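Scroll down for the structure; my scribbles are underneath it.
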Amino acid sequence: MENFSVTAMESGKRLDSLLSAHYENYSRSAFQGLIRDGAVTVNEKTAKPGQKLSESDQISIHFPPERELDVIPEDIPLDILYEDEDLIIVNKPKGMVVHPAAGHYSGTLVNALLYHCKDSLSGINGVLRPGIVHRIDQDTTGSLVICKNDFAHRAVAAQLKEHSITRKYRAIVHGQLKEDGTIRTTIGRHPQRRKEMAVNVPNGKIAVTHFHVLEQFPSYTYIECQLETGRTHQIRVHMKSIGHPILGDSLYGPAKCPFPELQGQTLHAMTLGLIHPRTGAYIEVEAPLPEYFQALLKRLEASS
């Protein structure tokens, strides 16, 4: 059982919304089910999902035992940018989760990789994340490297730790950025909103993002970001921290998106470069901008 008290900042929020903000591995709908099943109490009384909370309310949660997952191979098409006996680099589409987790037990990249690669995936990260050495967010598109054996996994993980892998992203941000720059902060879990990361929080880790202005529009800027480090939500958090959140980012940007057709942030992992673990040669791939991203750029250019 887990317990916590409602803070003054959280007063007035719905119970299901607050819980999903505190626990990133559970969705709001998952908590609605737990609440209806009586697994959540407020001040030792059963509650309703939409119950409004007050400061100092005591919330208790009885989480169910974690289910054992059988990760099933699924015949999901992959956009492969590079592949050999050690590595596979794919262009991940928008909306695809990288590996199974609460609320996402099928349709993930891992399900697709298990079908494509059969037993040829590294086992270092366990049965839920075979081959996975780094991740990108569900609504971020672009290049992702997966390791087919433990030898490759250790070598690529070492490059990630040394920050020697080339990772360049494309993004559209709110407002006009006039010049290139570098953002250097620490990043850690937000103390109240557990689904979010934040800059300059206690126990945060150093994070460095370099950004380059590609094109300016009246209300937006098209940029390239190069990661020196790879923290969770790094680019999204960093751009918010300087007042230029990523267009379409419902977590770190404005509550109402000016382009309602967008599903998530306009962030694309375009370029990925690394030293091949077996040959020692530098390899680099480029994932083309997705169609929705190209269409939005043309729309912004036409209205400028």
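Screening the stretch 121-141 for residues that are part of a loop (DSSP other than H, G, I, E, B) and closer than 26 Å to S250 by Cα and picking the one that is most open to solvent (accessible area, probe 1.4 Å) gives R135. A102 satisfies every condition listed in (1) at pLDDT 90 or above; (2) small (G, A, S); (3) within 28 Å of V237 (Cα to Cα) except (1). Got at least one residue in the stretch 71-79 being open to solvent by less than 30 Å² (accessible area, probe 1.4 Å) and touching a strand residue (DSSP E or B) at 6+ places or on another chain (Cβ under 7 Å)? No, the stretch 71-79 contains no residue that is open to solvent by less than 30 Å² (accessible area, probe 1.4 Å) and touching a strand residue (DSSP E or B) at 6+ places or on another chain (Cβ under 7 Å).
For (1) more than 20 Å from the chain's Cα centre (by Cα); (2) closer than 26 Å to T166 by Cα, each residue gets a yes or a no:
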{"residue": "C257", "(1), (2)": "no, no"}
{"residue": "L262", "(1), (2)": "no, no"}
{"residue": "T266", "(1), (2)": "no, yes"}
{"residue": "T271", "(1), (2)": "no, yes"}
{"residue": "R278", "(1), (2)": "yes, yes"}
{"residue": "A287", "(1), (2)": "no, yes"}
{"residue": "L300", "(1), (2)": "yes, no"}
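For the stretch 1-43, a residue qualifies if it is of a type in the set (V, I, T) and either in contact with a Phe, Trp or Tyr (Cβ under 6 Å, 6 or more places away or on another chain) or under 11 Å from S60 (Cβ atoms) (or both), and the qualifying residues are V40, T41, V42.
One residue stands out among those in the stretch 44-58 that are free of Cβ contacts under 8 Å to residues at least 40 places away in the same chain and not in a loop (DSSP other than H, G, I, E, B): the one that is least open to solvent (accessible area, probe 1.4 Å), which is T46. Taking the criterion of being on the phi < 0 side of the Ramachandran plot, open to solvent by 40 Å² or more (accessible area, probe 1.4 Å), free of Cβ contacts under 8 Å to residues at least 40 places away in the same chain and in a loop (DSSP other than H, G, I, E, B), the residues of the stretch 171-202 that qualify are K178, E179, D180, P191, P202.
Only a single item in (1) within 22 Å of R135 (Cα to Cα); (2) touching a strand residue (DSSP E or B) at 6+ places or on another chain (Cβ under 7 Å); (3) part of a loop (DSSP other than H, G, I, E, B) is not met by M239, and it is number (3). Test V208 against the criterion of being on the phi < 0 side of the Ramachandran plot, among the aliphatic types (A, V, I, L, M), modelled with pLDDT under 95 and in contact with a Lys or Arg (Cβ under 9 Å, 6 or more places away or on another chain), and give yes or no. When the stated conditions are applied, V208 does not pass them.
Within the stretch 221-240, being more than 16 Å from R189 (Cα to Cα) and open to solvent by 30 Å² or more (accessible area, probe 1.4 Å) holds for E224, Q226, E228.
Would you be able to say whether some residue in the stretch 160-167 is at pLDDT below 95 and among the basic types (K, R)? Yes: one or more hits. Against the numbered list (1) out of contact with any Phe, Trp or Tyr (no Cβ under 8 Å at 6 or more places or on another chain); (2) more than 29 Å from G280 (Cβ to Cβ); (3) in contact (Cβ under 8 Å) with a residue 12 or more places away in the chain; (4) not in a helix (DSSP H, G or I), V90 comes up short only at (2). In the stretch 254-263 there is no residue that is among the small types (G, A, S) and in contact (Cβ under 8 Å) with a residue 24 or more places away in the chain.
Would you confirm whether or not the stretch 10-20 contains a residue that is modelled with pLDDT under 90, open to solvent by 80 Å² or more (accessible area, probe 1.4 Å) and within 29 Å of V98 (Cα to Cα)? Looking through the stretch 10-20, none of the residues is modelled with pLDDT under 90, open to solvent by 80 Å² or more (accessible area, probe 1.4 Å) and within 29 Å of V98 (Cα to Cα).
The values are calculated or read from the model by the stated rules, or taken from the named source; none is laboratory data. Please read these numbers as outputs of a predicted model, since none were measured by experiment. For neighbour counting, all protein chains shown are included, and Cβ atoms are generated from backbone atoms with ideal geometry for every residue, glycine included. Remember, those area values only see protein heavy atoms, side chains included, never the ligands or the DNA or RNA. Shrake-Rupley method; radii C 1.70, N 1.55, O 1.52, S 1.80 Å.
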